[in-house]
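We did not get these values from a lab; they are worked out from the coordinates using the rules stated. This is a predicted model, so every value here is computed, not measured. Cβ coordinates were reconstructed from backbone atoms using ideal geometry, including for glycine residues, and neighbour counts include every protein chain displayed.
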Amino acid sequence: MKMIDVTQRFTTDDKCLDYIEKMRWPNGEVGCVHCGEIGHVSRIVRQKKSKNQRARIFQCTACGKQFSATSGTIFNDSHLPLTKWFLAIAMICEAKKGMSALQLQRHLGVNYRTAWYLCHRIREAMQEGGILTGIVEADETFISPKKPRKGNPKPKKQEPDVVLGMIKRGGKLRLIPMKDAKMASIEPHLLKHISKDALLQMDMSLAHGIIGERHFPGRHRLIDHIAHYVLGDNHTNTIENAFSLLKRGIYGTFHHVSIKHLGRYCEEFSYRFNRRGMQLQMFDATLKNLTRGKALTYSKLTASPVSAS
């Protein structure tokens with residue numbers, strides 16, 4: 001769904017609720033979120049509503065409990081109007097290089113903390129799995145500040161921020177943050193996300209060669225970037241292009257990304273990259289994930305990396 005369609009179609013919370021209801025119950029028969037009973041639900045419309053209370057609710061005649069269209073979803077306990085939620089989803093889905101919380105704050109007229117929390121909850125809904133098959137390119141890149149100019153003091157030593165990228169040619173992308181670029185860190189992710197029958201394409205690295213011989217015998221190729229970047233079908237240009245887009249977003253849009261939250265940014269860029277030809281369906285897919293996924297609490301988001309595991 002395009003941005004202009006969202007702004008014209010979802011002008012009130014009631015219209016947003018109508019869309020969520022159709023998405024949760026496409027057949028028109030409302031099911032109880034508590035007991036699962038279908039068809040034995042009555043609709044109640046509040047004449048007066050207080051803050052954070054929906055104007056329309058449902059009551060199940062089987063278990064007697066009440067619920068709304070947002071019950072059991074990430075929107076349930078949110079004080080933010082649904083109209084702003086829908087706008088935020090559309091803007092993040094449409095932004096090829098990402099949307100910073102500060103920019104979202106200006107667009108929605110909310111404070112920075114609300115915008116930052118909102119962005120991360122939407123990124124949390126942009127997760128996907130699956131195994132990569134066919135010709136799969138894999139490589140690592142460092143997400144770090146640019147080197148200082150000559151004469152300037154060296155930057156303080158910081159925790160490595162390595163991203164492992166895997167992409168099926170003509171298919172899906174996976175971006176995964178790692179603690180380092182050692183073989184012990186790379187190997188488990190390659191085995192988890194790449195099919196054993198795939199053809200693994202990597203650059204000329206000692207770790208890459210060992211992994212290829214060990215797990216992809218006869219089904220791996222290495223390209224020596226010192227001598228060549230492309231030798232016919234032997235190259236890693238596809239994953240390098242994906243890295244370029246990720247870095248443009250981090251350096252140009254976000255400017256700084258915490259290593260603690262780097263995984264969500266990687267999920268966001270992978271999700272959007274994999275749907276670059278399906279912009280109209282991306283809004284619905286993201287909204288559906290938000291209605292089904294478990295809410296990311298603020299305390300968990302801001303917890304220390306040790307306790308947030």
Here the percent of antiparallel bridges among DSSP beta bridges lying wholly in the chain, to the nearest 5, is 75
Expected unfolding gain across residue 258-residue 56 under the 0.36 nm per residue rule, minus the alpha-carbon gap, is 68.7 nm
Computed for the range 1-109: size of charge dipole around the Cα centre, +1 on C-beta of each Lys and Arg, -1 on C-beta of each Asp and Glu, debye to nearest 20, value 360
Nearest 10, in degrees from 0 to 90: the angle of helix 279-292 to the longest Cα principal axis of the chain is 70
Toy charge model, Lys and Arg Cβ at +1, Asp and Glu Cβ at -1: the chain dipole around Cα centroid in debye, rounded to 20, equals 1120
The chain, Gaussian network, Cα under 10 Å: of 292, 43, 248, the residue fluctuating most is 43
Links exceeding 32 Å between C-alpha atoms in this model, out of 84/247; 65/260; 15/97, come to 65/260
For the chain, longest principal axis from Cα atoms; helix 13-24 axis from its Cα atoms; angle between them, nearest 10 degrees, is 70
When the charge dipole of the chain is computed with +1 at the Cβ of Lys and Arg and -1 at the Cβ of Asp and Glu, the Cα pointing farthest to the positive end, of 116, 4, 134, is that of 116
For the range 153-297 the mean separation of alpha carbon contacts under 8 Å (6+ apart) over residue count, i.e. relative contact order in percent, is 22
When 261, 256 are arranged by how many other beta-carbons sit within 10 Å of their Cβ, fewest first, they go 256, 261
GluC sites (Glu not before Pro) in the range 1-47 lying in a DSSP loop, each with at most 11 other Cβ atoms within 10 Å of its Cβ, come to 29
Per the C-alpha gyration tensor (a ≥ b ≥ c, the square roots of its eigenvalues), the range 80-124 is rounded if a/c is under 1.5, else prolate if a/b beats b/c, else oblate; here it's rounded
Fewest-first ordering of 271, 19 by Cβ atoms within 10 Å yields 19, 271
Placing each pseudo-label 7 Å from Cα in the direction of the beta carbon, residue 248 and residue 276 end up separated by a distance in nanometres of 0.9
Pseudo-spin-label distance residue 144 to residue 43, built 7 Å along Cα→Cβ, given in nm, is 5.9
Per-residue Cβ contact counts at 10 Å, fewest first, order 231, 191, 246, 118 as 231, 191, 118, 246
Longest principal axis of the chain (C-alpha) makes with the long axis of helix 262-274 (C-alpha) an angle, in degrees to the nearest 10, of 90
Whole-percent tail of the Cα-Cα distance distribution for the chain, cut at 26 Å, equals 55
The size of the Cβ-based charge dipole (Lys, Arg +1; Asp, Glu -1) of the range 80-124 about the Cα centre, to the nearest 20 debye, is 100
